[in-house]
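Some notes on the structure that comes next.
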């Protein structure tokens, strides 16, 4: 629904109707409304229907609300002749309405993605005499809401534009509606286009570890979430394994690529007593996204199994998230230990002082 008096965009009023009839309520009296209808099935929406004739709320159809209705076109012009300039303006609007709403004035020729968030539209105008500009409507395929932007048909006439701020790796539907002052024309054909892919915005998550044997661990994880942060079709995962060697120096043990269809890895040839840090990043054909926070893994040299005492938290958590490694906790623990040592030293000195005092008193009594 579109109102030339009340709104600057098309407003959805009903969806998923089973009957070809619908009553619109709550309209503003005296406002002119126009309507379009689109069919829908399991695959999506059809192109919009031709725009309806303008209907004024609160006025009976055929009551002479429009120029020339019921009494001929000349009657409307003569009545308006008493107001300077009004006949010409109203006649011009009537002519524009007749041209824009009955003919296919504009044809959308192409919709091409130029990057992951931008699409370039190009169209052809059959006759630009009654075109001041275009309303460009864009809808993500899985959304029922259209976004609208306005392009003015200045100079020799606009035949292309660039639409920015779109979702990455998403399918959009576009169509144009020409307008002239308050007259809105017939919508053009629609085009669908998919924006380009980009690198993922979030890392994989929910990593789990299952011991396979004394020197091997089976790892599995989940793709980036939510799905829209993947920014395309995942092609592979990059797995980075670091560890602390015998000299307590961090070095890279493995850097490997895993197919996106199997987010698992058998990590073999692990050394007992070595702490491993494992990070995973998802990749599309454009590039690699961010790595996950390092997960911590250690094989106990005594039990030859995963050191559950060392890893007090699930493997998919970062060691930096544990409060035992936080700076405030280390300072608090150090302060408590220092206080205990101080009190113990004071107690020892006090006991020694009492012992010396008792010894001195005993010596005096003996003499």
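Coordinate-derived values only; no laboratory data. Bear in mind that the values here come from a model prediction, so they are computed numbers and not experimental data. Here Cβ is always computed from backbone atoms with ideal geometry, including for glycine, and neighbour counts include all displayed protein chains.
Remarks
- By average C-beta atoms within 10 angstrom, highest first, the peptides 338-350, 125-137: 125-137, 338-350
- Ordering of 196-202, 18-24, 224-230 by packing is 196-202, 224-230, 18-24, highest average first (other Cβ atoms within 10 Å, averaged per residue).
- Taking label points 7 Å from Cα along the Cα-to-Cβ direction, residue 360 and residue 43 give a separation of 10.6 nm.
- Our estimate of slack between residue 218 and residue 344, defined as 0.36 nm per intervening residue step minus the Cα-Cα distance, is 40.4 nm.
- Placing R0 at 22 angstrom, the Cβ-Cβ distance between residue 161 and residue 126 gives a FRET efficiency of 0.75 after rounding to 0.05.
- Approximating the spin labels as points 7 Å out from Cα along Cα→Cβ, the residue 25-to-residue 52 distance works out to 1.6 nm.
- Listed peptides 260-272, 112-124 by packing density, highest first (mean Cβ within 10 Å): 112-124, 260-272
- Modelled spin-label separation between residue 302 and residue 102, with each label point placed 7 Å from Cα along the Cα-to-Cβ direction: 9.5 nm.
- For the range 102-199: rounded, prolate or oblate by the Cα gyration tensor [a/c cutoff 1.5]: prolate
- Gain upon complete extension [residue 95, residue 242; 0.36 nm per residue less C-alpha separation]: 45.4 nm
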